[in-house]
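Since the structure comes first, as structure tokens, the remarks are kept for the end.
Only the coordinates and a few stated rules stand behind these numbers; no lab work does. Just so it is clear, the model here is predicted, and its values are computed rather than measured. Using ideal geometry, Cβ is built from the backbone for each residue, glycine included, and neighbour counts are taken over all protein chains shown.
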């Protein structure tokens, strides 16, 4: 696409969309939204980039290998966070019981492991959305 | 370390395959490593399930309760590993080992390049982990999530084959299975609205109290659950997707879909009907009569349809419809003997159908033929494969001293105990029909002259897989003792709700 | 019988859900176009989500966040909404997967109409051992 206005506008807006997605992911523990919604926003910022600047540039920004890694290890991260408590003799996915400091309610760092888990899920969702988009575009050509 | 493992066994059975599934994708280039890891994952799962069995056995009937995140019910998700969970976890992990062994180095022809093969293994391990989760979970919504994981990975496995028919079958399967999930979720929603609980134990107790006040809602919930799981488990009139999906999937996938995935949904159905709705409600709504009738219809119609199929894998797929009929029938008898039979038959059918599908897959791969009449002489050219197929057939027909016999026997006795004559006729007729559709295959393979071509037994891992499964069919048929005991205890667990 | 209509109108989300569910099921089962089938599935699932979310709602209730609500506020039940988020994620994955399959089928058969696919099956795939038995 050779649309000058679209490209300039995207260059201005997309970084903010991306950061907003990260914001939603990290604040999932204290406000509506969360890792899935935020991950979709992050993923869509890349999808928008790839539609406006072309698939090739999009793929240069996020190579397939990176997507494969984030997709797998994002989920693995969730599992590893779940295992934090196991060594202390508390069950899988324990949070407060595992001795994690929960902080003061309402602040960003108040969910214990939840924001960390959310980060993994968000990364995974974002890379899945981008992978889906790339796959569908490939199927067409 | 061992204490740590022991304390977390119920969740380890589930997450061991899942964990390994998620490290496989980046390793796609090193396919040998992927295959070994997948094999290790299933072996780990089997080890965990075996250990869990000994732990639960040592507890003498009181189930191993595990609270995820340390949240007690009714708030948290609870895993309950009783005898019922243990028997199903053992079946799932036990059958998954030989199947993954069979797939080793054998998928390229059916599936494609290493990336696709890796994806096959990822889906396979997700399926195994989710099925093991179904065995132990005690939470309604958790069941829905696991059902969806199983459904999506099954559809992925069916569509893994590079063939237009596979995509078509996968689409039909996906649409109907999602229809089923929507019904299941609707049923769960109604139960939640009536009881305010998602924990099965609490929901069941509460439902027992409130159902006289909301008879229509309860009726709706029961029918949603039965239709939902009925579509997914291919209970007779809702089976239309199964033959296409199971016949077009790659052979290891067919084995696991027919052997395990369908059983997972049936187990969930049993958990819902007995654990949540309870025997009083089932009798009141005559659900058990409906199940018995569905089972009888399934046995007869599935067997007759299998008889008309010309292709080996399609015949086996229709045979699964018939065998699901036995399990539904056993669930509807509402007595301990019938349930023991159903649970035991569930295990034997999982092993036997995996044997048959793997043998059929090996034959199809070696000969390139799928029609039964083209398989003349296969028995002499591929002795081991055909021997495994024959042993599997004997088991499925229900000959004494094979794995399938005891389950059918208990179902028969259970029907007599329930005072119903129709199921007895159906079970016997089913066995005769089963012989009628499997024995011609064996006759063609052994007693017809072979064409002058070089058909060979498959490679070493495939032979080992077939050998393991066929041995299991014989050994567990001759010495069913401990396994039968487990099935009996699991049935007693379910009967406690009646 | 007299009080049926007022009761139905008070519980209008459930009525809407029931209607949507029937529309969705009917579309899935009867429509030959693959896309329409997928849409039917989505409508059905929306109906279920609506039932769930409506069951958690209390009229005049507030979001269960302690920091922003006053002491005597009635909280709505957040659990069904949270569960339905999972349901929506599942529905998104099903839709994505089904779309990928539709693309694959379209490239082989050149149509998304099930009836035409059945007609073209023989000529496109040939008799390769997958004939209908």
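Number of residues in segment A:79-104 that are more than 9 Å from chain B (Cβ to nearest Cβ) and in contact (Cβ under 8 Å) with a residue 12 or more places away in the chain: the value is 4.
Here residue B:5 meets each of (1) within 13 Å of chain A (Cβ to nearest Cβ); (2) touching a strand residue (DSSP E or B) at 6+ places or on another chain (Cβ under 6 Å); (3) more than 18 Å from residue B:143 (Cα to Cα) with one exception, condition (2).
Being surrounded by fewer than 16 Cβ atoms within 10 Å (Cβ to Cβ), more than 14 Å from residue C:45 (Cα to Cα) and in contact with a helix residue (DSSP H, G or I) (Cβ under 7 Å, 6 or more places away or on another chain) is the filter here, so list the residues in segment C:1-32 that pass it. Listed by number, the residues that qualify are C:8, C:13, C:15, C:32. Evaluate the following for residue B:17: is it within 14 Å of another protein chain (Cβ to nearest Cβ), farther than 23 Å from residue B:403 by Cα and touching a strand residue (DSSP E or B) at 6+ places or on another chain (Cβ under 8 Å)? No; evaluated as a whole, the condition is false for this residue. Being more than 23 Å from the chain's Cα centre (by Cα) and either within 22 Å of residue B:408 (Cβ to Cβ) or away from chain C (no Cβ under 14 Å) (or both) is a property that residue B:371 lacks.
Total residues in segment B:23-50 satisfying the condition of being within 12 Å of chain A (Cβ to nearest Cβ) and free of Cβ contacts under 8 Å to residues at least 24 places away in the same chain: the figure is 2. The combined condition, being part of a helix (DSSP H, G or I) and more than 19 Å from residue C:85 (Cβ to Cβ), is fulfilled by residue A:13.
Each residue in segment B:126-167 was checked for being part of a strand (DSSP E or B) and at the interface with chain C (Cβ under 8 Å from one of its Cβ atoms), and 0 pass. When the helices (runs of 4 or more DSSP H) confined to segment C:1-119 are screened for residues that are facing chain B (nearest Cβ under 10 Å) and farther than 26 Å from residue B:141 by Cβ, those reaching at least 3 such residues are found at C:78-109. Please work out if residue B:279 is touching a helix residue (DSSP H, G or I) at 6+ places or on another chain (Cβ under 7 Å) and assigned to a helix (DSSP H, G or I). No; evaluated as a whole, the condition is false for this residue.
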